[in-house]
Each structure stands twice: as structure tokens, then as C-alpha cells.
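Below is one structure, written out as C-alpha cells; comments come after it.
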Amino acid sequence: MTKQETRARERQPAPRITDVTELKRIAQELRRQVVRLVAPTGQGYVQQGLGAADLFTAMFFSELRLDPADPAWPDRDRFLLSTAHNTAIFYATLAARGCLPEASLADYCKDGSPLEINASERIGPLIEATCGSLGQGLSVAVGMAMALRHQKRDARVHVILGDGEMQEGQVWEAALMAGARKLSNLCLILDYNRMQVGGHVDNVVGLEPVADKFQSFGFRVETIDGNDMDAVVGAFARARAHSEAPTCIVADTLVGKGAPSLEGILGHNMKLPADLAARALKELAGAGA
Amino acid sequence: MSSASSAADQTVSDFIARGATGPLPRHYGDALVAAARKDPRIVALCADLPGPTETDLFQAELPDRYFEAGIAEANMIGMAAGFARMGQIPFVHSFCVFVTRRAYDQVANQVAYPKLPVKIVGFLPGLTTMLGVSHQAIDDVALMRALPNMTVIEPSGPEQLAGAVTAALETPGPVYLRMLRGDAASAGIAPKPLLRTGEVLRRGPHGTIFASGLSVAAALEAAETLAKDGSDVSVVNIATVKPLDTALVVELAKSTGIVVAAENHSIIGGLGSAVAETLMEAGVPAGFARVGIQDTFAEGGTTPYLQAKYGLGAKDIVAAYGRAAAQRHAIEKGRA
Ligand SMILES: Cc1ncc(C[n+]2csc(CCOP(=O)(O)OP(=O)(O)O)c2C)c(N)n1
């Protein structure tokens with residue numbers, strides 16, 4: 001190992017949180033933030049954000065190696081949100097982790113603000129690629145994983161994909177490549193919330209058996225409850241420890257998770273009027289850690 | 001796994017409806033259903049955007065002729081070619097940007113080359129969405145214009161959305177429809193036929209503004225402003241961008257001498273390019289200026305904000321007219 005590599009491994013400017021109770025508390029706070037961000041204008045994706053809050057919390061507070069003060073650090077772990085519209089939770093998480101000024105959240109989706117609905121690299125290097133056109137994130141992640149390997153860097157690449165997004169053919173071209181090249185520094189997380197614009201994914205074009213598909217493409221596959229913090233943290237750690245193949249985490253998530261009045265409602269771009277937002281915030285304040 | 005449970009005290013549809021700003025009229029979607037009831041060859045394909053492409057009614061009313069393609073636009077175009085080769089008339093739906101850029105090779109080989117009657121219908125033209133660069137079709141007209149056998153149509157507004165269905169069906173081969181949904185205020189608007197020829201909306205001797213889509217309204221507004229300043233200009237709605245009504249373009253360029261082309265699209269490859277190509281080849285020495293997106297990507301934002309920031313508004317057309325008039329003046333001076 002070169003000197004530089006050793007340094008990279010030791011440097012962890014944003015310390016990882018390993019206490020699952022604390023992670024759950026953070027996830028709950030991020031959920032409240034999602035509702036606060038989406039409610040005033042109705043812009044943004046509340047159901048997806050609540051569903052993916054545990055994935056984002058574990059990713060940014062426990063798994064990723066990053067330096068909020070130096071977002072372009074070459075040895076950072078890369079994170080790509082291929083479903084780039086899921087920004088309410090993404091920005092809430094980035095702000096809580098110190099990667100975005102909290103105050104900038106007030107401009108979410110406002111004219112002129114770089115905090116667009118679809119995450120754009122206008123924000124800076126933490127948006128590793130601009131991904132609003134679905135189906136493209138995994139290809140970029142594969143390229144990054146191959147380049148990291150080529151450059152002998154030990155950083156990892158994580159990418160979240162949506163279940164509807166899996167219908168894009170490009171996803172499967174990228175998956176074939178990742179498996180063929182045994183990219184063990186790559187971790188794909190399928191945010192399996194069962195929802196797309198047209199409703200339930202099974203009523204549009206179903207994916208099952210999706211775990212078997214990724215397995216046959218050469219991935220190490222784990223199916224977990226994506227709203228169980230222990231399970232999420234554990235799956236990320238096992239992906240990191242594995243050195244033979246890329247990992248695919250099939251994360252079952254529940255849209256609206258945490259606010260009983262919203263849970264399970266397949267509203268893709270659901271508006272959230274003030275009274276319902278207030279109710280959701282109340283539910284989120286009472287429940288959880 | 002996570003299973004769907006419903007909200008405590010209301011149905012899902014209640015919930016979504018309550019939060020919505022109000023249902024949008026379905027000028028295009030209703031016309032497509034009406035046409036499909038008359039012509040059993042018509043089928044609809046959609047890449048997971050039934051609401052935003054107004055095909056939700058088609059899905060509900062004619063479910064056996066509605067085919068959900070999922071989020072897989074390239075595959076959808078190939079499937080549409082298959083339907084067309086089997087004698088159907090497929091209307092395929094997504095956002096403009098995805099049915100053009102993302103499926104271009106499939107459109108070229110499987111639709112345009114064999115001249116199949118596939119009607120490619122896109123929504124969110126140009127800078128009309130908060131969804132940002134990935135969702136903004138700034139080059140779709142250029143892409144579709146460049147394909148042999150392709151007809152390119154852009155209604156001037158909600159009044160021509162139903163007419164776009166008729167125009168698409170009257171055109172035997174492949175057609176690209178570039179559509180912008182009408183807002184709630186457009187409900188009940190009187191439909192206007194969509195012409196193959198340029199439609200002169202206003203006649204004035206001093207200059208001509210050729211416009212398409214959203215820019216038609218801006219051009220009419222600009223013409224009002226110019227009239228106050230003493231320039232009485234013609235305004236032409238070019239709803240059929242390809243094939244372009246070149247005879248009208250040449251005639252008005254010759255008779256008025258000052259030409260502005262305005263579009264909610266890049267200045268490269270769209271209406272402005274088509275008009276410029278026509279004028280150069282016809283040897284018309286007109287003053288000329290383009291209004292459009294200046295060879296740049298944009299950003300997400302409200303439509304008025306984007307149209308103003310990226311120079312697509314009435315005042316930008318007025319400014320362009322000034323440039324074209326100055327150029328005309330210079331041409332005449334050079335001649336004297
Ligand atoms: C290539 C492409 N086609 C269509 C769209 C429009 N679109 C935005 S979000 C979405 C549904 C995404 O569903 P999924 O991947 O399951 O994400 P989630 O439901 O979790 O938001 C669609 C069709 C797009 N962004 N990109």
C-alpha cells in the first residue's frame with residue numbers, strides 16, 4: 001500500500017456514527033425535514049423521501065467516507081442518486097451532515113436556487129453526476145468504480161436506483177458490466193418502494209424475481225427491510241467487506257414511512273396541503289426514537 | 001416487505017385530489033380518445049407518464065388498446081414500430097426530451113427510415129419545467145427535423161392541441177408532436193385547426209415574426225409593443241415546423257424585409273435555422289434575427305422565470321426585431 005493510500009484509509013473527517021439508536025433519531029428528524037421542505041410549495045417527493053430516510057441516514061452518517069469541508073476530496077466514497085428527483089430527503093441529509101448550509105434549504109425549488117427538484121451538479125462536487133434522466137446513474141457508478149480500481153484508490157461507489165427505473169435497458173447493460181468485471185467496490189441499492197408514476201410497479205412492468213436477476217448478472221445480493229436501520233447498516237458493512245463481486249441491496253421500503261396517515265399511499269408526485277403536512281409532522285414527532 | 005396500507009380516514013384518490021391544484025384539462029388526450037373510438041387501428045403506448053401525457057383517460061376508457069411500456073423509451077419506440085408493421089397506428093408518449101434524445105437511433109432506424117405511421121408525442125417542450133436540464137427538451141426539434149421522412153408539429157397553444165391529433169392522422173408517415181399542456185384556465189377553450197401552412201395571425205408591412213409554440217403568444221405581444229413604436233409587423237404561427245411553408249417564408253421576407261424567428265428551443269437546428277436556411281437559399285436579402293435558447297443548458301424553474309432569464313419573452317423578440325431592422329438598414333445602405 002502506498003503512503004497516499006494509507007492516508008486515505010485513515011482519514012475520516014466526518015466520523016461515522018455506529019449507534020443505531022442515534023441513527024434512528026437522525027432518520028426521524030430527516031423525515032420531519034422532508035415534510036417541511038415539500039409542504040410549502042407542494043414541490044418535491046414526500047412519499048419517496050419518507051420511504052428512503054433510513055437508507056440516506058445510514059449512507060451519509062454511518063457508511064460514506066467523506067469530508068464536508070473538502071467535498072472534492074479524491075479519495076471520498078462516491079454516492080450517486082440515480083433517482084435524482086428524490087431530493088427532499090437527499091438535501092435534508094446533506095444539510096444535516098454539514099455538506100450543505102442548512103439555510104440553503106429555504107430556497108428548495110425556488111427560481112434561481114441550485115437546489116432544484118432534480119439534483120444537479122450546480123450544487124457542487126457532492127452531486128457526482130446529474131441524473132434526472134432515469135437509468136443513467138448505474139453506468140456512471142460502474143465507470144467510477146473501474147476508474148477507482150485503475151487508480152488504485154480504495155474509495156467505494158454507492159448508487160441508489162428506483163424500482164421503476166429498473167425498466168430502463170441501460171441499467172441492465174451496466175449491471176452486466178459490473179458483474180463481468182467483478183466490481184466489488186460498487187454497491188447498488190434498489191429503493192424498492194413498489195411505486196412509480198403509473199402506480200404500483202407490478203401494474204406497470206414488474207421486476208420479479210429481481211434478486212435472482214441481479215444474482216445471475218454476477219452480483220452478491222441481499223434483500224433487506226430498507227426501513228430497519230440495523231439491517232441497512234449491516235448490509236452496507238457486508239458489502240464493504242466483500243471482495244469478490246459487486247453488491248446489490250434490494251431494500252424494501254415503505255412510501256410515507258413514519259407518518260401513518262401517509263404510509264403506503266402510492267402518490268408519486270403527491271401534493272401535501274398544509275393541514276395534512278401538519279398532521280404528518282405531528283405523527284413524526286410522536287413516533288420513532 | 002412493505003405492503004400498501006391506506007390512509008386512516010380517506011381513500012388514496014381523495015388524498016391525491018385534495019392536494020392537487022385542480023385537474024388540468026385534457027385537450028390532447030380527449031381528442032386522442034375520440035379519434036381512437038373512430039379508428040380501431042389507433043393504439044397508445046406510454047412510458048410511465050399517463051397523467052402528464054394526458055393518456056390517463058385512454059388507459060381508463062380503452063384499456064385493451066393502451067400499452068404501458070414502463071420507463072423504457074427506446075424499447076417503446078421499437079415496440080411502436082412493431083405495432084405499426086402489424087397495421088396499427090401507435091401514438092407513443094413521454095416527455096419530449098425522452099422520446100427524442102433517449103430513443104433517437106430507434107426512431108431513425110425503426111420509424112423514420114421505414115416511414116411507419118408512428119406518432120411520437122412529447123410533452124414539456126423547451127424551458128417549461130422545474131425538473132431541470134434532464135427534463136428540458138431544448139434540441140428535440142433539431143433532432144427530429146434532421147431525420148428524413150419525419151414531420152414535426154408544435155401547436156401554438158391549448159387551442160391547437162386537439163388539432164394536432166387530426167394533423168398527425170392526416171400525415172401518412174412518422175410525426176413528432178411537441179406538446180405543452182394547457183393550464184386550468186384553458187378549459188373550454190375553442191379548438192382551432194392546426195395547419196400545414198404558416199398561419200398569418202397578424203398582417204403588417206414592416207417586418208415578419210415567425211414563431212412556434214409558446215413563442216406565438218410572445219410574438220403577438222411583441223407585435224403590440226412594436227406597433228406602439230410605429231413598426232407594424234406580421235406574425236405567423238408555424239405549427240408545422242417540418243415541412244416548412246417555405247413559400248410563405250420567402251414571400252413575407254421579400255415583402256417585409258425584416259424577419260425574426262422565435263421559438264422555445266435552441267437557436268441551433270429549430271425554426272430559426274429552418275427559416276435562415278430557406279432565406280439564404282432563396283437569396284432573400286432580409287434583415288434577420290433569431291430568438292431562442294442561446295446554445296446553453298438551462299436549469300429548473302418556473303416557466304415565466306425561465307422564459308425571461310433565457311431570453312424567450314416578448315421583450316426579447318422586440319430586441320431581436322431591432323437587430324434585424326438595423327441589419328436591414330445596413331444591407332440597404334451597402335446597396336446604395
Ligand atoms: C428516462 C426517464 N423517463 C421518464 C422520466 C419521468 N419520471 C420521473 S420519476 C419517474 C418514476 C420513477 O419511478 P421509480 O424509479 O420507481 O422512483 P420512485 O417511485 O421511487 O420515485 C418517471 C417516469 C424520467 N425522469 N426519466
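The values are calculated or read from the model by the stated rules, or taken from the named source; none is laboratory data. Everything numeric in this text was worked out from a predicted model, so none of it was measured. Don't worry about glycine lacking a Cβ; one is built from the backbone with ideal geometry, like all the others, and counts go over all protein chains shown. Only protein heavy atoms, including side chains, enter the accessible area calculation; ligands, DNA and RNA are left aside. Shrake-Rupley method; radii C 1.70, N 1.55, O 1.52, S 1.80 Å.
Karplus-based coupling profile of segment B:98-115, in residue order and whole Hz: 7, 6, 9, 4, 7, 9, 5, 5, 5, 4, 4, 7, 9, 10, 6, 4, x, 6, with θ = phi - 60° in 6.51 cos²θ - 1.76 cosθ + 1.60 and x standing for Gly or Pro. Pairs of C-alpha atoms in segment A:118-248 farther apart than 16 Å represent 64 percent of all such pairs. With only Cα atoms counted, chain B has Rg and Dmax values of 20.9, 82 Å.
The portion of the accessible surface of chain B made up by carbon and sulfur, rounded to a whole percent, is 58 (1.4 Å probe; DNA, RNA and ligands excluded).
Rounded to the nearest 10 degrees, the angle from helix B:214-228 to the longest Cα principal axis of chain B is 30 degrees.
Charges were assigned to the Cβ only: +1 to each Lys and Arg, -1 to each Asp and Glu. The resulting dipole of segment A:200-253 about its Cα centre is roughly 300 debye.
Within the shell defined by Cβ-Cβ distances under 12 Å, the residues around B:Gly163 carry a net charge of -2, with Lys and Arg each +1 and Asp and Glu each -1. Accessible area per residue for the protein assembly as shown, computed on protein heavy atoms with a 1.4 Å probe, is 38 Å².
Per the Cauchy relation, a quarter of the hull surface: what is the mean projected area of the convex hull of the alpha carbons in segment B:199-335, in nm²?
Details: hull surface 31.7 nm².
Averaging across all directions leaves 7.9 nm² for the Cα convex hull.
What is the average number of partner chain Cβ atoms found within 10 Å of a Cβ in A:41-50? Show your work: numbers first, answer last.
Values: counts 1, 3, 3, 1, 0, 1, 0, 0, 0, 0.
Mean number of neighbouring Cβ atoms from other chains: 1.
Taking Lys and Arg as +1 and Asp and Glu as -1, the other residues whose beta-carbon sits under 12 Å from that of B:Leu306 total -2.
If Rh is defined by the Kirkwood formula over all Cα pairs and Rg also comes from Cα, what ratio Rg/Rh do you get for segment B:90-216? Could you put the intermediate results ahead of the total?
Details: Rg = 14.9 Å, Rh = 15.3 Å.
For segment B:90-216, the value is 0.97.
Kyte-Doolittle mean at least -0.5 and Cα extent at least 15 Å along the axis: which DSSP H helices of chain A qualify? Passing helices, by number: A:20-38, A:46-57, A:137-150, A:169-180, A:229-241, A:274-286.
If you take the accessible area of A alone, add that of B alone, and subtract the area of the pair, what total do you get in Å², probe 1.4 Å, to the nearest 100?
Working: alone 11860 and 14790 Å², together 23560 Å².
That pair of chains buries around 3100 Å² in total.
Across segment A:250-255, coupling constants 3J(HN,Hα) worked out from phi with the 6.51/-1.76/1.60 Karplus curve, θ = phi - 60°, read 8, 9, 6, 10, 10, 4 Hz, and Gly and Pro carry x.
State the Cα centre-to-centre distance between segment A:87-110 and segment B:207-246 in whole Å. The distance from the Cα centre of segment A:87-110 to that of segment B:207-246 comes to 43 Å. Based on Cα contacts under 8 Å between residues 6+ apart, chain B shows a relative contact order of 15 percent.
Taking segment A:19-286 as the region of interest, the number of lysine pairs whose Cα atoms are within less than 20 Å, with members eight or more places apart or on different chains, is 8. Considering only B:Thr278, B:Pro243, B:Ile89, and ranking their Cα positions along the charge dipole of the protein assembly as shown that arises from unit charges at the beta-carbon of Lys, Arg, Asp and Glu, the one farthest toward the positive end is B:Thr278. Annotation for segment A:158-237: chymotrypsin sites (Phe, Trp or Tyr not before Pro) lying in DSSP loop with at most 16 further Cβ atoms inside 10 Å of their Cβ do not exist. Angle of helix B:73-85 to the longest C-alpha principal axis of chain B, folded into 0 to 90 degrees and rounded to 10: 90°. Over segment B:23-186, the pair-distance histogram of Cα-Cα distances with 10 Å bins from zero comes to 11, 46, 37, 6, 0 percent, rounded to whole numbers. Averaging the sequence gap over all C-alpha pairs within less than 8 Å and six or more residues apart, then dividing by the number of residues, gives segment A:19-286 a relative contact order of 24 percent.
Across segment B:258-272, coupling constants 3J(HN,Hα) worked out from phi with the 6.51/-1.76/1.60 Karplus curve, θ = phi - 60°, read 10, 10, 10, 10, 10, 7, 8, 6, 4, 5, 9, x, x, 4, x Hz, and Gly and Pro carry x. For segment B:182-330, the residue among B:Gly311, B:Ala227, B:Thr197 whose Cα projects farthest onto the positive side of the dipole built from Cβ charges is B:Ala227.
Cα centroid separation, segment B:73-90 to segment A:158-209: 25 Å.
To the nearest 20 Debye, how big is the dipole of segment A:193-289 about its Cα centre, given +1 on the beta carbon of each Lys and Arg and -1 on that of each Asp and Glu?
Working: 9 positive and 12 negative charges, 59 e Å.
The dipole of segment A:193-289 has a size of about 280 debye.
Applying both filters, DSSP loop and at most 11 other Cβ atoms within 10 Å, to the GluC sites (Glu not before Pro) of segment A:219-285 gives A:Glu244. Sorting the segments B:154-161, A:21-28 by their mean number of nearby beta carbons within 10 angstrom, highest to lowest, gives B:154-161, A:21-28. Placing +1 at every Lys and Arg Cβ and -1 at every Asp and Glu Cβ, with all other atoms neutral, what dipole size does chain B have around its Cα centre, in debye to the nearest 20? About 740 debye.
Please determine, in degrees from 0 to 90 and to the nearest 10, the orientation of helix B:161-170 with respect to the longest principal axis defined by the Cα atoms of chain B, where the helix direction is its Cα long axis. That helix lies at roughly 90 degrees to the long axis. Over the protein assembly as shown, DSSP H runs of length four or greater, each weighted -39,500 (n - 2.57), average out per residue to a 222 nm ellipticity of -11500 deg cm²/dmol.
Work out the mean other chain Cβ neighbour count within 10 Å for the residues of A:111-123 and drop it here as an integer.
What the average comes to for A:111-123 is 4.
Residues whose amide H falls under 5 Å from that of A:Ile189, counting only those 5 or more places apart or on a different chain, are A:Val159, A:Ile160, A:Leu161, A:Ile249, with hydrogens built in the peptide plane.
Annotation note: chymotrypsin sites (Phe, Trp or Tyr not before Pro) in segment B:245-323 located in DSSP loop regions with a Cβ neighbour count of at most 11 within 10 Å are absent.
Over all orientations, the protein assembly as shown has a Cα convex hull whose mean projected area works out to 30.3 square nanometres. Backbone amide hydrogens, once placed in the peptide plane, bring B:Ile89 within less than 5 Å of B:Ile42, B:Val43, excluding anything fewer than 5 places away on its chain.
Over segment B:89-139, what number does the Rg to Rh ratio reach, with both radii from the alpha-carbon atoms and Rh per Kirkwood? Rounded to two decimals, Rg/Rh equals 1.02.
Quick check: net charge around B:Gly87, other residues with Cβ under 14 Å of its Cβ, Lys/Arg +1 and Asp/Glu -1?
Details: positive: B:Arg41, B:Arg65, B:Arg85; negative: B:Asp39.
Net charge in that neighbourhood comes out at +2.
Kirkwood analysis of chain A, using all unique Cα-Cα pairs, places the hydrodynamic radius at 18.9 Å. For B:His265, the residues whose amide H sits under 5 Å from its own are B:Ile293, ignoring neighbours fewer than 5 places away on the same chain, with H placed 1.01 Å from N.
By the rule of a C-alpha distance below 17 Å, with chain neighbours fewer than 8 residues away ignored, the aspartates and glutamates paired with B:Lys315 are B:Glu221, B:Glu224, B:Asp229, B:Asp232, B:Glu263.
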